[in-house]
Amino acid sequence: MGNFSLKKNERLRSKNDIDKLFTSGESFVIYPFRIVYKFSDSNSSFKASILSIIPKKRFKRAVKRNLLRRRTREAYRLNKDTLLDNLPNNRTLNIAFLYISNELYDYSVIEKKMKESLVRLNKEINLTDTDIKMDKV
């Protein structure tokens, strides 16, 4: 049984970490999300911190932005175990989910795409993790 909570410490809030994420992080797109991720060496008790971004340019009404933000966080909260099981213990992963679509999707679509993005993120992390191990040898 997994931990289905999303505590405040699991949300990315530090301006410093957010700036580092967007300046030197890696990214990929699984529509309607653009996922930006970067490993951090912070000593957090949580393995991953997330940030959900829904631009005001695409959704003028705060009601719609908040709805999409809640749906994104809920989809991550329920499916984060697929990602957290394969992360190294000594490092923290910072992740930003940018909503790039102009359409307001249902929760089922957002959850399906969130699962796809977490699987892809797992693959990307494993590739970079093996590259780091190869460099040390």
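How far, in degrees from 0 to 90, does helix 107-136 lean away from the longest principal axis of the Cα atoms of the chain, to the nearest 10?
Once rounded, one gets 20 degrees.
For 109, 119, 63, 36, give me the order by solvent-accessible area with a 1.4 Å probe, most accessible first, ignoring ligands, DNA and RNA.
Details: 109 50, 119 75, 63 115, 36 5 Å².
Ranking 109, 119, 63, 36 by accessible area, largest first, yields 63, 119, 109, 36.
Under a plain spin-label model, where a point goes 7 Å from the Cα along Cα-to-Cβ, how far apart in nm are residue 24 and residue 108?
Taking the simple label geometry, residue 24 and residue 108 are separated by 4.4 nm.
Of the listed peptides 86-97, 21-32, what is their order by residue-averaged count of other C-beta atoms within 10 Å, with the highest listed first? Spell out each step's value before the answer.
Details: 86-97: 16.8, 21-32: 14.4.
Per-residue Cβ counts within 10 Å, averaged per peptide and sorted highest first, yield 86-97, 21-32.
Return the subset of 8/123; 57/80; 15/57; 20/47; 20/112 for which the Cα-Cα distance in this structure is over 25 Å, preserving the input order. All intermediate terms of the calculation are to be shown ahead of the outcome.
On the way: 8/123 27 Å; 57/80 28 Å; 15/57 21 Å; 20/47 17 Å; 20/112 28 Å.
Violating the 25 Å limit, Cα to Cα: 8/123; 57/80; 20/112.
Output the 0 to 90 degree angle, nearest 10, between the alpha-carbon long axis of helix 15-24 and the longest principal axis computed from the alpha carbons of the chain.
Long axis of 15-24 versus the principal axis of the chain: about 80 degrees.
Starting from the Cα gyration tensor of the chain, multiply each eigenvalue by 5, take the square root, and state the resulting semi-axes largest first in whole Å.
Details: eigenvalues 128, 50, 45 Å².
Value: 25, 16, 15 Å, ordered largest first.
Treating only the Cα positions of region 1-59 as identical point scatterers, give the base-10 log of I(q)/I(0) from the Debye formula at each q in 0.26 Å⁻¹.
The Cα Debye sum returns log10 ratios of -1.26.
As a test of the formula, what do you get for the chain when each DSSP H run with n ≥ 4 contributes -39,500 (n - 2.57) and the sum is divided by the residue count, at 222 nm and rounded to the nearest 500 deg cm²/dmol?
Values: 4 runs with 62 residues, N = 137.
Theoretical 222 nm ellipticity from helices: -15000 deg cm²/dmol.
Say each of residue 91 and residue 14 gets a label point 7 Å from the Cα, pointing the same way as Cα to Cβ; how far apart are those two points in nm?
Computed distance between label sites residue 91 and residue 14 equals 1.6 nm.
What's the angle, to the nearest 10 degrees (0 to 90), between helix 62-79's Cα axis and the longest principal axis of the chain?
40 degrees
What relative contact order, as a whole-number percentage, does the chain give when Cα pairs under 8 Å and 6 or more residues apart are counted?
32 percent
Treating the beta-carbon of each Lys and Arg as +1 and of each Asp and Glu as -1, no other charges, what is the dipole magnitude of region 1-133 about its Cα centre, to the nearest 20 debye?
On the way: 29 positive and 15 negative charges, 178 e Å.
That gives region 1-133 a dipole magnitude of about 860 debye.
Which value, in debye to the nearest 20, gives the size of the charge dipole of region 37-98 about its Cα centre, when Lys and Arg are +1 and Asp and Glu are -1 at the Cβ? Write down the numbers at each step before the final one.
On the way: 16 positive and 4 negative charges, 160 e Å.
The calculation lands at about 760 debye.
The values are calculated or read from the model by the stated rules, or taken from the named source; none is laboratory data. Just so we're clear, the structure is a prediction, and the values are computed from it rather than from any experiment. FYI the Cβ positions are ideal-geometry reconstructions off the backbone, even for glycines, and counts take in every protein chain you see. To get the accessible areas, we keep the full protein, side chains included, count just its heavy atoms, and leave off ligands, DNA and RNA. Shrake-Rupley method; radii C 1.70, N 1.55, O 1.52, S 1.80 Å.
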